[in-house]
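Read the structure below first, then the notes.
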Amino acid sequence: MTTSLDPAVETVVPKPSRLSGGAASVLAAIRSFRSSSGTLPIGLGLLGFLVLTSLVSLIWTPYPPTATATGLFSSAPSAAHWFGTDAVGSDVFSRTISAGRTDVFYTVTAVAIALVIGSAWGAVAGFFGGWFETVTLRLLEVVQAFPALLMALLVISILGPGTFNVILVVAIIPLPDFVRLARAEVLTKKTWQFAEAARLVGNRPLVVLFKHLMPNSWRPLLAYASISAAWVCGNIAALGFIGVGIQPDAVEWGSMIARGESDVVAGAWWEALFPGLGVLVLAIGFQLVGDGIAARNRGEQR
Amino acid sequence: MNSPKSHGPALNVVGLRKEFRVKRGGRARTLVAVDSVSIDVHPGETVALVGESGSGKSTVARCIVRLIDPTKGAVAVHGRDMVRMTHRELSQAYGDVQMVFQDPNSSLNPRMTARQILTEPLRLHTDMNKSARNARAAELLSMVGLGKEHLDRYPAELSGGQRQRIGIARAIAVSPKVLLLDEPTASLDVSVRGQVLEILHQLQQQQQMAYLFISHDLDVVRRISDRVMVMYLGAIVESGSTEEIFSHPTHPYTKALLSAVPQIDPDERRERFRLEGEIPSPFDVGAGCRLDNRCPLVQPSCRAERPVLAAVSPTHEVACPVVLNVERIAQAV
Amino acid sequence: MTANEPRNLLSVRGYSGGFKTPSGFKNVLDDVSFGLRESAMTAIVGETGSGKTLLALSMMGLTASTFVKTKGTIEYAGDDISTYDDRAYRQIRGGEFAMAFQDARAALNPVISVGKQLIDACRAHRRVSAAQARDIAEEMLRKVHVPEPAQRMRQFPHEFSGGMAQRVLLALALICQPKLLILDEPTTGLDVTIQADIMELIVDLVSSSGMTACLITHDLGVVAETCDDVVVMFRGKVRETGPCAQVLQHPADHYTQQLLRSSRFEELSA
């Protein structure tokens, strides 16, 4: 029972917000929606939609995504070309849904790598402490001192372009956050009595960590994984846009935006808009799923 | 007491000391949480370690099973030295010494069923096959008064008393010789407390386990223990048979503690023996008696030298020269 | 109730209520009736889930918004206060009713000095100047035996031990000279010697001021040593009420008898 007894506290009126009433209430509504677990089905729905279109693109697209001159160059959306065509006459619709495969796959793989390696690393650092933890924390500080994209450029210039290297680079960016989060989770839970009980039963320390502690920590990590995926897909698109790591003519949303960007001024808005929407839907989907998981965690802890 | 002493103690702690380095205001200071504590517990015997918060009683238990490493001293379980064991040896030693934790809500992994919790020690310490382990888990449940229907329940699906019984069942799964009970009934309702104590008593009768019972609840201690050791600020200030401690408390702190316990029945009530103030910070303990600033009987000599345990009777020791003198005079008269 | 018995400061009659949950309505209090005799200390005793804390919160008008009263009254000064809205309750809460909680350090505001919390509480309900309020606050701390009150006023809750924080909470509750003091497990979690000191202090303060007090607890020993009357609760129902001496020594109700047996360890075979 933590109700305040102080009568002065009870009479405190909420301070008026600086925003106008309308904007404040819209913001408040968004905030309360994001902190409810109702975002989970919507987020899953958006991601499901993207996965579905990507799968469809495996067996069917109106035109081959890499084919050029399928129609007029830079033609507006029409019945023949739903999303229009680009400067070399490729079908934007076919390219957009095919590119979803690349972006979704890159994003999921990169986040999975960051989640698994980061969590394991952070968990071990938190559990055993000592020099390993100290070195880890200093290393994270160094890595995080670099701006994310600058670091990506640096690593790509060392490793060279290629699918795997791109995934690796966008995985390294959120990795420190997973290390920190897993370390914090383990630090708060390692003195819980069930962790001590697991040791007293005769388990080896690593078994205590990965069998007893981590299964009780995966939810906040998963929530963060989903939220960070929203950033990862943005980073992948950004690398494609500036043409680093990903080939300029690759079927990838960022590259497509780069290719269509110059035509936007000429009025061909469709070339960049649709791949841009793809990135947006993917990012929002992951963000909502992350919010939803986080809200459920809070609900269960109550 | 029903202990066959010829076989020696099941648990033997000698001169246990635990220091913590604590950073306070920028500089590290040493906090002595446990200071020269010696305990013997024989098979079938229950020794209670009594004290208030900050007395170090739980630290003693945690040092014994090496959840934390003692700074100095020896701990032997069944004659085997625990202090110098490697992690691998410790894992094996946990077949002989087990612990029941205070809070059953946090001592059970919320993602494991009763079956998983109970079969895990069996998998690690015995070569039973899966069906034998399951059979043993069911047997353990019946030993603590639960049924087979509880085997596949998660801790959240059990009541507080049932959870603590699972905690006890896990501890006795591999038939340990020594059981450390760290306030096992502190978080339970009175009606459940009795059931849990009764189960512990029955188990001890059957298996002749040595119990080190850590508690601040003197009512419980009085009912279930053979001997009592009273701790204050990391040291044992009085130890003796339960009968002697409760009928003839000698150390000023023991007197204060016993007289503070509220009693339902008017004829059980003792006159309050008052100490000044509250337990001081362990950093502020001087060279003399730890109770010097609170004790109504304090003498100048108390601040000069730290008192050590000395015999009042063959089975009763107290660390207070002042009361000891009074006792000796009383005995001589 | 006969005329020569002291009258009740507060009477709970047929009070029932429960919580709205996703899985339907869950009844917690069932036809609860008892009275708090004026200037007496009444214990409400029960185990986990007996509804004793909810009852205390109901008297204070502090129940969660999901709690719904289904019937009954709580009568105080000729009014049924269970029908009051929060604004009306605020008139009596703090001024006429005060409450002390189990976890004193959590109940105090961690970022405001103890002195300021006392002064604010004092000025919220009494027409006094800031300087007078400061004097009253310091005097209150002295009354609850906090050593060096002038210095302690400047300190924050985390600088207090559990026992000292509970004393501050008592000072905070008493500073407005309430008619009714409700104590929800005020010594649970404290060491026995500190518990004994706090309970002695409570009994002293209550008897010297003529205040009415209601102690929520699970410890029959504490009840026997400090209270005049007792209400025994089990699963939301009142099982037995009466003077402590009578209920604890000659319990009529089966559950009370069982509770006493458990408290005295009579079911142990050893």
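The values are calculated or read from the model by the stated rules, or taken from the named source; none is laboratory data. Please read these numbers as outputs of a predicted model, since none were measured by experiment. With ideal geometry, Cβ positions are generated from the backbone for all residues, glycine too; neighbour counts draw on all protein chains shown.
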Restricting to region C:168-183, name every residue that is buried (at least 24 other Cβ atoms within 10 Å of the Cβ) and touching a Phe, Trp or Tyr at 6+ places or on another chain (Cβ under 9 Å).
C:V168, C:L169, C:I182, C:L183
Among (1) of a type in the set (A, V, I, L, M); (2) surrounded by 24 or more Cβ atoms within 10 Å (Cβ to Cβ); (3) within 30 Å of A:L159 (Cα to Cα), which single condition is A:A197 missing?
(3)
Please identify the pairs in which a residue from region B:244-267 that is more than 8 Å from every other protein chain (Cβ to nearest Cβ) has its Cβ atom under 8 Å from the Cβ atom of a residue that is assigned to a helix (DSSP H, G or I) and among the charged types (D, E, K, R), counting only partners at least 6 apart or on another chain.
B:F246/B:R222; B:P249/B:K255; B:T250/B:E327
Name the helices (runs of 4 or more DSSP H) wholly inside region C:34-149 in which the number of residues that are within 22 Å of C:L190 (Cβ to Cβ) is 3 or more.
C:52-60, C:104-107, C:114-125, C:130-143
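More than 28 Å from B:T46 (Cα to Cα), touching a residue at least 12 places away in the same chain (Cβ under 8 Å) and either assigned to a helix (DSSP H, G or I) or away from chain C (no Cβ under 14 Å) (or both): does that describe B:S239?
no
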Region B:182-202: number of residues that are in a helix (DSSP H, G or I), within 25 Å of B:S53 (Cβ to Cβ) and not aliphatic (A, V, I, L, M):
2
Scan region C:69-88 and report the pairs whose first residue is under 14 Å from C:L57 (Cα atoms) and whose second residue is among the acidic types (D, E) and crowded, with 17+ Cβ neighbours inside 10 Å, with Cβ atoms within less than 6 Å and a gap of 6+ or a chain change.
none
Index of the failed condition, C:L169 passing every other in (1) touching a residue at least 40 places away in the same chain (Cβ under 8 Å); (2) in a loop (DSSP other than H, G, I, E, B):
(2)
Given (1) surrounded by fewer than 21 Cβ atoms within 10 Å (Cβ to Cβ); (2) in contact with a Lys or Arg (Cβ under 6 Å, 6 or more places away or on another chain), index of the condition A:D291 fails:
(1)
Checking the structure you have, find out if any residue of region B:280-291 is within 12 Å of chain C (Cβ to nearest Cβ) and either of a type in the set (G, A, S) or in contact with a Ser or Thr (Cβ under 6 Å, 6 or more places away or on another chain) (or both).
yes
Could you please give the count of residues in region A:191-228 that are out of contact with any strand residue (DSSP E or B) (no Cβ under 7 Å at 6 or more places or on another chain), within 30 Å of B:L180 (Cα to Cα) and within 11 Å of chain B (Cβ to nearest Cβ)?
24
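In region B:172-219, which residues are at positive phi and in contact with a strand residue (DSSP E or B) (Cβ under 9 Å, 6 or more places away or on another chain)?
Once the filter is applied, which keeps residues that are at positive phi and in contact with a strand residue (DSSP E or B) (Cβ under 9 Å, 6 or more places away or on another chain), region B:172-219 yields only B:E183.
Out of curiosity, is C:L62 within 13 Å of chain A (Cβ to nearest Cβ), under 17 Å from C:V12 (Cα atoms) and within 21 Å of the chain's Cα centre (by Cα)?
yes
Here's the yes/no breakdown for (1) touching a residue at least 24 places away in the same chain (Cβ under 8 Å); (2) out of contact with any helix residue (DSSP H, G or I) (no Cβ under 8 Å at 6 or more places or on another chain):
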| site | (1), (2) |
| --- | --- |
| A:P161 | yes, yes |
| A:I172 | yes, no |
| A:F178 | yes, no |
| A:E185 | yes, no |
| A:Q193 | no, no |
| A:N203 | no, no |
| A:M214 | yes, no |
| A:G234 | yes, no |
Among (1) closer than 26 Å to C:G162 by Cα; (2) within 14 Å of chain C (Cβ to nearest Cβ); (3) of a type outside the set (S, T, N, Q); (4) in contact with a Leu (Cβ under 8 Å, 6 or more places away or on another chain), which single condition is B:E271 missing?
(4)
Whether any residue in region B:121-134 is at the interface with chain A (Cβ under 9 Å from one of its Cβ atoms), crowded, with 18+ Cβ neighbours inside 10 Å and in a loop (DSSP other than H, G, I, E, B) is what I want to check.
no
Please identify the pairs in which a residue from region A:37-53 that is on the phi < 0 side of the Ramachandran plot and touching a residue at least 40 places away in the same chain (Cβ under 8 Å) has its Cβ atom under 7 Å from the Cβ atom of a residue that is in a helix (DSSP H, G or I) and among the acidic types (D, E), counting only partners at least 6 apart or on another chain.
A:T39/A:D291
Pick out the one residue from B:L141, B:L118, B:L179 that is in a helix (DSSP H, G or I) and within 12 Å of chain A (Cβ to nearest Cβ).
B:L118
Sort out which residues of region A:50-100 are among the hydroxyl-bearing types (S, T, Y), in contact with a Leu (Cβ under 7 Å, 6 or more places away or on another chain) and more than 20 Å from A:V264 (Cα to Cα), and write them in order of number.
none
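Look at C:G221 and say whether it is within 13 Å of another protein chain (Cβ to nearest Cβ), touching a residue at least 12 places away in the same chain (Cβ under 8 Å) and surrounded by fewer than 17 Cβ atoms within 10 Å (Cβ to Cβ).
No: the conditions fail for C:G221.
Could you pull out the residue among C:G61, C:G78 that is at pLDDT 85 or above, of a type outside the set (V, I, T) and closer than 16 Å to C:L29 by Cβ? Quick ask: steps written out before the conclusion?
Numbers: C:G78 fails: closer than 16 Å to C:L29 by Cβ.
Step by step, each of C:G61, C:G78 is checked, and only C:G61 is at pLDDT 85 or above, of a type outside the set (V, I, T) and closer than 16 Å to C:L29 by Cβ.
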